[in-house]
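The values are calculated or read from the model by the stated rules, or taken from the named source; none is laboratory data. Computed from a predicted model, the values in this text were never measured in an experiment. Every residue, glycine among them, receives a Cβ derived from its backbone with ideal geometry; neighbour counts consider all protein chains shown.
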Amino acid sequence: MIAKDKVCAVVAAADARSMFRQLEEALRRTRTVELRLDWLADDQEITRFLARVAGRRPDATLLATCRRRPAGGRYRGPIAKQLVHLTDAVRAGCTWYDLEIETSSLCPPEIVEVLLGEGRRLASAHFFKAMPQSLANVSKRLERTRPDAFKIAAYCDSLSECLRLAEFGRRHKNAIVIPMGDVALPARILSLRERNGFAYAPVEDQTAPGQVPLAEMKSVYRADKITRRTSVYGVIGNPIRHSLSPQMHNAGFRARRLDALYLPFLVRELPDFLRAIRPLGIKGFSVTLPHKERILGHLAGCDPLARAIGAVNTVAVGNKGKLYGYNTDYVGVLRALERRFKLPGSRVLIVGAGGVARAVAFALAESGASVSIAARRQKKARALAEAVGGSVVDWGRLRHESFDAIVNATPVGMYPFTSHSPIEARDLNCRLVFDTIYRPRRTKLLELAERRGIETVSGVEMFLAQGAAQWEVWMGQHAPVEVMRRALFAALTREEQAQNLSP
């Protein structure tokens, strides 16, 4: 193991001042830091930065990296100058240095030993496009240089590849394995359960695909607390990185002092995820687009209402890995609307006919509302209307109809396409507009409604309610709803502020 703290902050900037500022920030969160010298603009900036590090001598394990461009780094200088910078880094207080295979294969080992003998060497190989065919052959090449430890970082296109890489690392006590890519994000975090687990987390900019920012790694995922006993939950979908479910659920776990972790899984192929459930120890997961309907064929059991809706957004993993499905979107709809107006006898228009629309339609119909459906796909609209005893309204007739409420159950208007609305302002003939989208909180549709003096309900209310119901399915106890609400609102506020600051 390189250091006691397995979460390694990555400090990377173009100038010495910014680099040192990042170092100071990193040291407030972890005692293991990688210094990406190759990100600095030139040799002079590297020298300036290392001089400041030597003066500071932080009480932490520092790892120096000056990766050349042929190895996927940014350093443009010759190997000789690269080795000089690494030598200066060791003298400045770096315990370890990372030497990539592209350099070590061209450099006589005697020179490396003379220059860098005082430091500990991490021999590394990076595969940014695909997993190498033979991890064993890569490790043999790295170990020939007799390093103190070696690292293989490889792009993983599936969870199966992540598991293969993790198993290889498990068999080699002096190996660090790093899965790269968006699919590999949860595997990066879960690797910290291993004896030789290690994860890189940037203070600011990503230096490799799939990295989780340091602040998020520590505050949202509590990565430094993960053990083999930690229960794993998550959300599956494509895309998924935008989901705020991790902030909400992990806040709930923390409030109840539960040793549990909730992660986002980018799932392109559902069977790949299903095969990984048992190896990763997953005990339950949320389901979002496009898998809400597809998951039905893989369940050992399903709540009758979810089966009738034809979509599942919550799965509990039972004995022997059997999957049981539920739909808590239904609960979210009712909790979001029943406080606003009397549902029995009301007339409600649902825009859309997909999985979310089905949950909304069944919830409203069961509560006694008269349901109408407007959707671009007429066949699906008619099928949904028939299933709930409702009716279909043509798009051209909307401006001539009136409703107690209109519900948007399509993704139109979701971030980043926030300038779009599923229907026009002239079609909003109702007392209330409810948008099931929660990012952004104030969608274009809600803006149009507010301008006409119509009451609005954000999808945040539904999202929170369905999330709390999921939490209760898995945990078997009441969810800390207010804690989850604060975490969700804080995340949305940070996101909106960041967007407002963007050029």
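Screening the candidates 320, 342, 292 for the property of being charged (D, E, K, R) and within 16 Å of residue 371 (Cα to Cα) yields one hit, 342. Test residue 158 against the stated conditions and say whether it is closer than 17 Å to residue 3 by Cα and either of a type in the set (S, T, N, Q) or surrounded by fewer than 18 Cβ atoms within 10 Å (Cβ to Cβ) (or both). No. When residue 414 is tested against (1) aliphatic (A, V, I, L, M); (2) without any contact (Cβ under 8 Å) to a residue 40 or more places away in the chain; (3) touching a Leu at 6+ places or on another chain (Cβ under 8 Å), exactly one condition is not met: (3). Among all residues of the range 411-419, there is none that is over 24 Å from residue 243 (Cα atoms) and either at pLDDT 95 or above or not assigned by TED's automatic domain parsing to the domain that holds residue 292 (or both). Set side by side, the residues 481, 473 differ, and just one is more than 30 Å from residue 376 (Cβ to Cβ) and out of contact with any strand residue (DSSP E or B) (no Cβ under 9 Å at 6 or more places or on another chain), which is 481.
Here is a yes/no grid of residues against (1) more than 16 Å from residue 492 (Cα to Cα); (2) in contact (Cβ under 8 Å) with a residue 60 or more places away in the chain:
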{"residue": "421", "(1), (2)": "yes, no"}
{"residue": "428", "(1), (2)": "yes, no"}
{"residue": "434", "(1), (2)": "yes, yes"}
{"residue": "442", "(1), (2)": "no, no"}
{"residue": "449", "(1), (2)": "yes, no"}
{"residue": "453", "(1), (2)": "yes, no"}
{"residue": "466", "(1), (2)": "yes, yes"}
{"residue": "474", "(1), (2)": "yes, yes"}
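Counting only helices (runs of 4 or more DSSP H) that sit completely within the range 64-133, those holding 1 or more residues that are exposed (fewer than 13 other Cβ atoms within 10 Å of the Cβ), among the hydrophobic types (A, V, I, L, M, F, W, C) and without any contact (Cβ under 8 Å) to a residue 24 or more places away in the chain correspond to 79-91, 109-116.
Restricted to strands (runs of 3 or more DSSP E) entirely inside the range 145-243, those with at least 1 residues that are touching a residue at least 12 places away in the same chain (Cβ under 8 Å), over 27 Å from residue 97 (Cβ atoms) and not small (Gly, Ala, Ser) are 231-237.
Conditions (1) over 27 Å from the mean Cα position of the chain (by Cα); (2) among the charged types (D, E, K, R); (3) surrounded by 24 or more Cβ atoms within 10 Å (Cβ to Cβ); (4) at pLDDT below 95, marked per residue:
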position: 317; (1), (2), (3), (4): no, no, no, no
position: 321; (1), (2), (3), (4): no, no, no, yes
position: 336; (1), (2), (3), (4): no, no, yes, yes
position: 360; (1), (2), (3), (4): no, no, yes, no
position: 376; (1), (2), (3), (4): yes, yes, no, yes
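Count of the range 23-36 residues, restricted to those that are farther than 18 Å from residue 85 by Cβ and surrounded by 22 or more Cβ atoms within 10 Å (Cβ to Cβ), is 3. Can you name the residue in the range 395-412 that is assigned to a loop (DSSP other than H, G, I, E, B) and of a type in the set (S, T, N, Q) and, of all such residues, is farthest from the chain's Cα centre (by Cα)? Applying the filter and picking the extreme gives 402.
Residue 458 meets the conditions (1) touching a Lys or Arg at 6+ places or on another chain (Cβ under 6 Å); (2) farther than 23 Å from residue 328 by Cβ in every case but one. The failed one is (2). Among the residues making up the range 447-498, those that are outside any helix (DSSP H, G or I) and small (Gly, Ala, Ser) are 453, 458, 476, 479.
Among residues of the range 134-144 being of a type outside the set (A, V, I, L, M, F, W, C) and in a helix (DSSP H, G or I), the one that is surrounded by the most Cβ atoms within 10 Å (Cβ to Cβ) is 139. In the set (1) of a type outside the set (Asp, Glu); (2) surrounded by fewer than 16 Cβ atoms within 10 Å (Cβ to Cβ); (3) out of contact with any helix residue (DSSP H, G or I) (no Cβ under 9 Å at 6 or more places or on another chain), the condition left unmet by residue 275 is number (3). One residue alone among 415, 438 is surrounded by fewer than 19 Cβ atoms within 10 Å (Cβ to Cβ) and either assigned to a helix (DSSP H, G or I) or within 27 Å of the chain's Cα centre (by Cα) (or both), and that residue is 415.
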